[in-house]
Each structure stands twice: as C-alpha cells, then as structure tokens.
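What follows is a short report on a single structure.
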Amino acid sequence: MWWNSLDFLLLTISFGAVWQSSKTATHKWIKSVFGLAWFALFMIVANEKTHFYELPHEIIYLPSILLIGLHIYNKRTCTCE
C-alpha cells in the first residue's frame with residue numbers, strides 16, 4: 001500500500017533534520033550520536049519492511065526518543081544565530 005513508502009519519506013525528512021543539526025552542533029560527540037541514532041532508526045524501519053530479524057515493535061521508540069532528546073539538547077546548547 002501507499003503508506004508503506006511513507007516511512008521512507010519520513011526517514012528522508014529526518015535525515016535532513018539530523019544533517020542540519022549536526023552542522024550546528026557545538027559538541028563533537030553529538031554529531032556521532034545523531035548519526036548512530038538515525039542509522040539505528042533506519043535499520044529498524046528497514047527491518048520492519050523486510051522482516052529479516054524478529055524484533056518487538058516497541059524497539060523503534062529507542063532511537064526516536066534519543067533523536068528527540070538530542071535535538072532538544074542541541075537546541076539548548078547551540079550558540080548559533
């Protein structure tokens with residue numbers, strides 16, 4: 001169905017947000033964690049489509065919450081204009 005491709009559209013949008021946030025991050029470690037969290041999210045979504053590993057559906061919340069927390073932390077510590 002058409003909504004299956006919606007996951008990948010949202011992943012593309014989130015990649016843009018992670019990319020932009022990584023460019024303005026003041027701490028170097030945030031850039032790495034942003035990339036790892038997004039990659040984990042991508043792998044979980046791809047696994048849900050291919051059913052390569054049997055994972056609980058709730059596992060997708062871990063990288064999602066991490067990305068949200070990183071965006072909030074980056075927004076608070078960013079000294080950009």
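The values are calculated or read from the model by the stated rules, or taken from the named source; none is laboratory data. In this text, all values refer to a predicted model and were calculated from it rather than measured experimentally. Positions of Cβ are backbone-derived with ideal geometry, glycine not excepted, and every protein chain shown enters the neighbour counts. Protein only, heavy atoms only, side chains kept; ligands, DNA and RNA dropped before computing areas. Shrake-Rupley method; radii C 1.70, N 1.55, O 1.52, S 1.80 Å.
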Exercise. Which members of the range 32-49 meet the condition of being surrounded by fewer than 16 Cβ atoms within 10 Å (Cβ to Cβ) and over 13 Å from residue 7 (Cα atoms)?
Worked result: 32, 35, 36, 39
Problem set entry | Test: residue in the range 56-63 that is open to solvent by 90 Å² or more (accessible area, probe 1.4 Å) and β-branched (Val, Ile, Thr) | no
Exercise. Among 13, 68, which is within 11 Å of the chain's Cα centre (by Cα) and surrounded by fewer than 11 Cβ atoms within 10 Å (Cβ to Cβ)?
Worked result: 13
Problem set entry | Flag for residue 21 being more than 15 Å from the chain's Cα centre (by Cα) and modelled with pLDDT under 90 | no
